[in-house]
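To keep things clear, I will list the structure first and then write my remarks on it.
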Amino acid sequence: MSSHDESRFAAEVYGARLERAAELARNAHLDALLCTPGSDLQFLIGSRAQSFERLTCLVVPASGETPSVVIPKMELAQLKGSAAGELGLQVVDWVDGVDPYRLVRNVLNAGARVAVTEVMPALHLLPIADQFGSLPVSATPLLRELRMRKDPSEIEALRRAGAAIDRVHARMGEFLRPGRTEAEVGADIAAALVEEGHTEAEFVIVGSGPHGADPHHMVSARVIEPDDVVVIDIGGPVEPGYFSDSTRTYVLGEPSAEVAEQFSVLERAQAAAVAAVRPGVTAESIDAAARDVLAAAGLADYFVHRTGHGIGLSVHEEPYIVSGNDIALQQGMAFSIEPGIYFPGQWGARIEDIVIVTEDGRESVNNRPHGLTRL
Ligand code: ZN
Ligand code: ZN
């Protein structure tokens with residue numbers, strides 16, 4: 001067998017996923033599933049192909065026939081690292097001047113009902129809709145079960161990612177000091193992510209002082225001041241492509257009594273949500289567990305986002321831990337628990353762990369201290 005590196009699982013893993021995806025498409029009375037590059041494609045065949053204006057598309061017939069990959073001849077190298085060869089997938093290559101959408105239709109039939117990965121660009125979606133004479137449906141509901149419940153090798157990958165980001169947080173004292181800009185600190189943290197085992201830094205948030213009150217702040221030229229509270233939310237992929245995502249809040253110097261008190265409520269809220277995780281409870285009940293603690297202390301209005309998001313081959317995926325999501329948690333689901341409190345113009349704080357639902361509870365892959373860490 002051709003050897004493969006740690007960038008993907010063994011070919012059989014993808015073979016089983018493709019079979020299951022075809023079966024799910026069949027059950028949904030669809031004729032095929034179409035995936036352009038993105039996390040669905042990576043999930044199904046272990047391909048890291050990138051999306052360009054030239055069409056690359058995996059076609060998984062619901063019939064169970066061998067899937068095909070329609071791909072530009074000049075980009076065939078993108079399939080090399082994937083399981084496509086070992087699985088014996090049909091490769092339909094094309095050169096400029098050929099209509100690749102017609103090639104997709106030729107694999108199936110005119111009038112076939114297809115589901116498409118939801119990251120398919122409109123640039124490809126619209127000509128595909130044209131070929132089949134109807135707007136495709138989203139593949140996300142089909143693949144949801146498969147992607148949400150992580151198998152043991154995926155869980156192992158998430159544990160490695162969690163340990164890697166914990167090692168970066170453990171080194172925060174090397175980077176975070178008054179007098180440095182957020183951007184300088186962020187650049188050092190990004191390098192540390194790679195040093196500790198990530199393939200790259202996907203996001204680095206250094207929210208110092210008032211910037212901590214903006215949950216989506218990244219970094220800026222702001223110079224960090226003594227006594228600042230600083231939100232550090234960082235993550236990136238670890239081979240074979242599973243993401244870390246962890247937030248801790250640091251304080252330089254002494255926190256005020258009010259900051260310490262409000263942070264301690266946040267810490268209790270995050271712990272309560274983690275403790276509530278077990279199979280059978282709803283996603284929204286986990287959100288409520290965090291929110292109720294904050295509400296009891298009069299802080300509900302300062303928690304302005306959902307409690308968490310699923311994670312795996314993408315940073316944000318299902319299940320979303322949010323009010324209105326009554327999906328029951330199942331063993332193998334992995335998601336963040338990240339309540340925060342944000343005081344515009346003043347300061348903010350967030351605590352985030354990735355947890356995995358176990359047979360009778362939960363496992364956290366992030367295990368750094370949760371308190372307001374003094375540096
Ligand atoms: Zn995060
Ligand atoms: Zn997150």
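Scanning the stretch 81-124 for residues that are of a type outside the set (Gly, Ala, Ser) and assigned to a helix (DSSP H, G or I) gives GLU86, LEU87, PRO100, TYR101, ARG102, LEU103, VAL104, ARG105, ASN106, VAL107, LEU123, HIS124.
Taking the stated definitions as given, is ALA289 in contact with a helix residue (DSSP H, G or I) (Cβ under 6 Å, 6 or more places away or on another chain) and more than 15 Å from ligand 2 (Cβ to nearest atom)? It is true that ALA289 is in contact with a helix residue (DSSP H, G or I) (Cβ under 6 Å, 6 or more places away or on another chain) and more than 15 Å from ligand 2 (Cβ to nearest atom). Only a single item in (1) open to solvent by 40 Å² or more (accessible area, probe 1.4 Å); (2) in a helix (DSSP H, G or I) is not met by LEU41, and it is number (1). Being of a type in the set (A, V, I, L, M) and within 11 Å of ligand 1 (Cβ to nearest atom) is the filter here; which residues of the stretch 228-252 pass it? Correct list: VAL231, ILE232, ILE234. Give the stretch 309-363 a look and list any residue that's within 14 Å of ligand 2 (Cβ to nearest atom) and either open to solvent by 10 Å² or more (accessible area, probe 1.4 Å) or outside the structural domain of ILE234 (by TED's automatic domain parsing) (or both), or say none. SER314, VAL315, HIS316, GLU317, GLU318, TYR320, VAL322, GLU338 - these are the residues of the stretch 309-363 that are within 14 Å of ligand 2 (Cβ to nearest atom) and either open to solvent by 10 Å² or more (accessible area, probe 1.4 Å) or outside the structural domain of ILE234 (by TED's automatic domain parsing) (or both).
Quick check: anything in the stretch 138-155 among the hydroxyl-bearing types (Ser, Thr, Tyr), within 15 Å of ILE356 (Cα to Cα) and more than 15 Å from the chain's Cα centre (by Cα)? Yes. If you check ALA49, ALA25 for being in contact with a helix residue (DSSP H, G or I) (Cβ under 8 Å, 6 or more places away or on another chain) and either part of a loop (DSSP other than H, G, I, E, B) or open to solvent by 10 Å² or more (accessible area, probe 1.4 Å) (or both), only one passes: ALA49. Contact list please: Cβ distance under 6 Å, first residue in the stretch 94-107 and assigned by TED's automatic domain parsing to the domain that holds PRO72, second residue of a type outside the set (Ser, Thr, Tyr) and assigned to a loop (DSSP other than H, G, I, E, B), pairs at least six apart or on different chains. Within 6 Å, the pairs are PRO100/LEU55.
A count restricted to the stretch 232-250 and to residues that are among the hydrophobic types (A, V, I, L, M, F, W, C), within 17 Å of HIS217 (Cβ to Cβ) and away from ligand 2 (no atom under 14 Å from the Cβ) stands at 0.
The values are calculated or read from the model by the stated rules, or taken from the named source; none is laboratory data. From a predicted model like this one, the values you see are computed outputs, not experimental measurements. In this analysis, Cβ positions are derived from the backbone assuming ideal geometry, glycine residues included, and neighbour counts consider all displayed protein chains. All accessible areas refer to the heavy atoms of the entire protein, side chains included, with ligands and DNA or RNA removed. Shrake-Rupley method; radii C 1.70, N 1.55, O 1.52, S 1.80 Å.
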